[in-house]
1. Mind checking which pairs have a first residue in segment 218-233 that is surrounded by 10 or more Cβ atoms within 10 Å (Cβ to Cβ) and a second that is assigned to a loop (DSSP other than H, G, I, E, B), Cβ under 7 Å, 6 or more apart or different chains?
2. Could you count how many residues in segment 98-123 are assigned to a strand (DSSP E or B), surrounded by 15 or more Cβ atoms within 10 Å (Cβ to Cβ) and not basic (Lys, Arg)?
3. Could you please find all residues in segment 18-55 being in contact with a strand residue (DSSP E or B) (Cβ under 7 Å, 6 or more places away or on another chain) and either among the aromatic types (Phe, Trp, Tyr) or within 26 Å of Tyr108 (Cβ to Cβ) (or both)?
4. Please count how many residues of segment 124-160 are assigned to a helix (DSSP H, G or I), surrounded by 19 or more Cβ atoms within 10 Å (Cβ to Cβ) and either in contact (Cβ under 8 Å) with a residue 60 or more places away in the chain or of a type in the set (Val, Ile, Thr) (or both).
5. Within segment 69-102, which residues are under 26 Å from the mean Cα position of the chain (by Cα) and hydrophobic (A, V, I, L, M, F, W, C)?
6. Name the single residue that is surrounded by the most Cβ atoms within 10 Å (Cβ to Cβ) among those in segment 52-92 being assigned by TED's automatic domain parsing to the domain that holds Val114 and at pLDDT 90 or above.
7. If we keep just the residues of segment 1-32 that are of a type in the set (D, E, K, R) and either touching a Gly at 6+ places or on another chain (Cβ under 8 Å) or assigned to a loop (DSSP other than H, G, I, E, B) (or both), which is modelled with the highest pLDDT?
8. Among the residues of segment 9-46, how many are under 21 Å from Val138 (Cα atoms) and either under 24 Å from the mean Cα position of the chain (by Cα) or surrounded by 10 or more Cβ atoms within 10 Å (Cβ to Cβ) (or both)?
Amino acid sequence: MAARAYWQGQIRLALVSIPVEIYSATKSGAAVSFKQIHEPSGQPIHYEKVVTGIGPIDTTEIMKGYEVEKGEYVLLQQEEIDAVKLESKKTLELTQFVDASEIDVIYYEKPYFVVPADDLAEEAFIVLREALKRTRKVGLGQLALRGREYVVSLKPCGRGMVLETLRYADEVNKAQSYFREISDTKPDAELLDLAEALIDRKTGAFDASEFHDRYVDALKALIERKRKARGKTIIEDKDDAPAKGSNVVDLMAALKKSMEKPGAKEAAEKPPAKKPPARKAATPKPAAAKKRA
């Protein structure tokens, strides 16, 4: 394999050890990179490592330090840090198996492809992969990567498997603190049926290649216009503020109008799961419902 393995070690399940290699499953997408420029001279700005009272210093003189008290540091060499003994540096022991649905998506961080390290490891690798498929479980363990130990999950992916680093519980904000102000008001049945019908109409198979970064395209277009304008300021005057509906009637009208537009699927192809009930005579809606629309 042409790519360089991000980690090499073994997956251990009880007394079974499987030599594996993992590779980063993602890469940086297209992006527009900016540099800081000194406007009067047009020259790029550089950064130097500077010590207070001394000035610029050589990077070879830099060590890692941990502040134990104000202004007092314990200095460590990189060799000392690398020598820290931790079994999970080379071994991923699967200690638990759970249903994938039990892990909230907010805990997932970064994915890696997992492959057998050699032909001898392939048989055990395939057995573990197929066992996870048949039981529909996800393996959990801990692995040391990038200077820290992660909780990781392991799941089948085609002919191989995918390992994903997970966030620890104390790294995730509690949702309740953000959602507590949302009321428990039940949605209007007709509004809900219209929303479901609209979702059904736009339902289709996921294809990541259908999406691209439109902001990058817009920035490139701006850069080209700016180049042709020879430095003249270019600001597009657009009001991107979202429109705010004043009440439930506005939401009803917006949903019905949305259903009139072409969608991912024609309504005739797949009718909505529920037939919207007959329109009732207009009646005043509860104040809470109006407020949330």
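1. Leu219/Val32; Lys220/Val32; Leu222/Ile234; Arg225/Ile234; Lys226/Ile234
2. Total meeting the criteria: 6.
3. Selection gives Ile18, Pro19, Val20, Glu21, Ile22, Tyr23, Ser24, Ala25, Thr26.
4. 2
5. Result: Leu92, Leu94, Phe97, Val98, Ala100.
6. Once the filter is applied, the top-ranked residue is Leu92.
7. Arg4
8. So the count comes out to 16.
The values are calculated or read from the model by the stated rules, or taken from the named source; none is laboratory data. Worth saying up front: this structure is predicted, and the values here are computed from it rather than measured. Note that each Cβ is placed from the backbone with ideal geometry, even for glycine, and that neighbours are counted across all protein chains shown.
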